[in-house]
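Student: The structure's right below; bear with me while I get my questions together.
The values are calculated or read from the model by the stated rules, or taken from the named source; none is laboratory data. Remember, it's a predicted structure, so these values are computed and weren't measured experimentally. Reconstructed Cβ throughout: ideal geometry from the backbone, glycine too, with neighbour counts over all protein chains shown. For accessibility, only protein heavy atoms count, side chains too; no ligands or nucleic acids. Shrake-Rupley method; radii C 1.70, N 1.55, O 1.52, S 1.80 Å.
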Amino acid sequence: MTTENTVKRYVVLDTETTGMPVTDGHRIIEIGCVELLGRRLTGRHFHVYLNPDREIDEGAIAVHGITNEYVADKPRFKEVADEFFEFIKGAQLIIHNAAFDVGFINNEFALLGQSERADVSDYCSVLDTLMMARERHPGQRNSLDALCKRYGVDNSNRELHGALLDSEILADVYLAMTGGQTNLSLAGEGADGDGSGRQQATPIRRLDASRPRTRVIRASEDELAAHLARLAVIEKSAGGPSLWAQLEKAPE
């Protein structure tokens with residue numbers, strides 16, 4: 001029997017940093033996460049700004065708008081490390097360009113001397129939506145903004161990068177990339193589930209047997225001739241019979 005405990009848990013995650021690369025001593029200054037159970041947003045999130053104890057590069061500020069003055073009174077990573085770890089532990093992390101964020105997370109735990117937490121792959125699995133997008137759309141732009149446009153996800157509030165906003169947008173992009181429809185509207189009212197990711201059973205509605213039959217409109221002679229002419233063009237271009245013709249000749 002399926003229970004909430006067996007529904008797969010995802011954490012969609014994004015970070016902002018003082019700059020890059022992490023090997024130059026750059027640090028995390030914002031973490032944003034949202035939680036999914038199955039394909040359903042739970043409303044739980046983790047979001048924090050951090051004091052990195054170093055200057056933020058001007059180029060980074062131009063991207064995310066987070067200034068040195070803004071983070072001066074924010075907590076250090078060590079103050080939120082336990083809460084953050086508990087939030088992501090055991091989940092599959094969904095990250096766009098995962099190598100970047102995972103590298104910074106590992107570094108933050110390593111700087112605290114917490115070797116048991118210094119490799120995210122020891123306590124989480126990671127799904128990189130950038131790699132997924134490159135496999136599905138080779139040779140195309142696969143930035144988060146490009147994916148929003150491709151999958152019809154509204155990112156109109158995204159003037160600057162922000163970890164929590166970007167994680168919320170990425171959650172929508174991920175759901176669109178992996179199936180899109182999250183509410184099975186054909187199941188009827190009351191099929192939205194109970195918050196556990198399970199769909200609730202609804203009664204089957206039978207159609208009245210005396211209802212008017214659906215009208216069937218058959219192709220005319222001219223339309224059939226145009227169809228055959230189009231198939232001939234396709235077969236000439238392909239150098240072989242069309243799939244349509246092959247299916248028509250296939251045995252029952």
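Student: Out of (1) at pLDDT 90 or above; (2) part of a loop (DSSP other than H, G, I, E, B), the odd one out for residue 167 is which?
Tutor: (2)
Student: Also, I was wondering about something else. Select from segment 99-123 the residues that are under 12 Å from residue 11 (Cβ atoms) and surrounded by fewer than 20 Cβ atoms within 10 Å (Cβ to Cβ) and list them in ascending order.
Tutor: Correct list: 123 only.
Student: Could you list, in sequence order, the residues of segment 37-55 that are under 21 Å from residue 103 (Cα atoms), open to solvent by 10 Å² or more (accessible area, probe 1.4 Å) and not in a strand (DSSP E or B)?
Tutor: 51, 53, 54, 55
Student: Write out, first by first residue and then by second, each pair whose Cβ atoms fall under 6 Å of each other, whose residues are 6+ apart or on separate chains, and whose first residue, in segment 214-239, is on the phi < 0 side of the Ramachandran plot while the second is among the small types (Gly, Ala, Ser).
Tutor: Final answer for the pair search is 231/242; 234/242; 235/242.
Student: Out of 12, 63, 34, 102, I need the residue that is closer than 27 Å to residue 141 by Cα, in contact with a helix residue (DSSP H, G or I) (Cβ under 8 Å, 6 or more places away or on another chain) and assigned to a helix (DSSP H, G or I). Which one?
Tutor: On inspection, the qualifying residue turns out to be 102.
Student: Here's another thing I want to ask about it. Determine which member of the set 247, 186 is outside any loop (DSSP other than H, G, I, E, B), surrounded by fewer than 11 Cβ atoms within 10 Å (Cβ to Cβ) and modelled with pLDDT under 50.
Tutor: The unique qualifying residue is 186.
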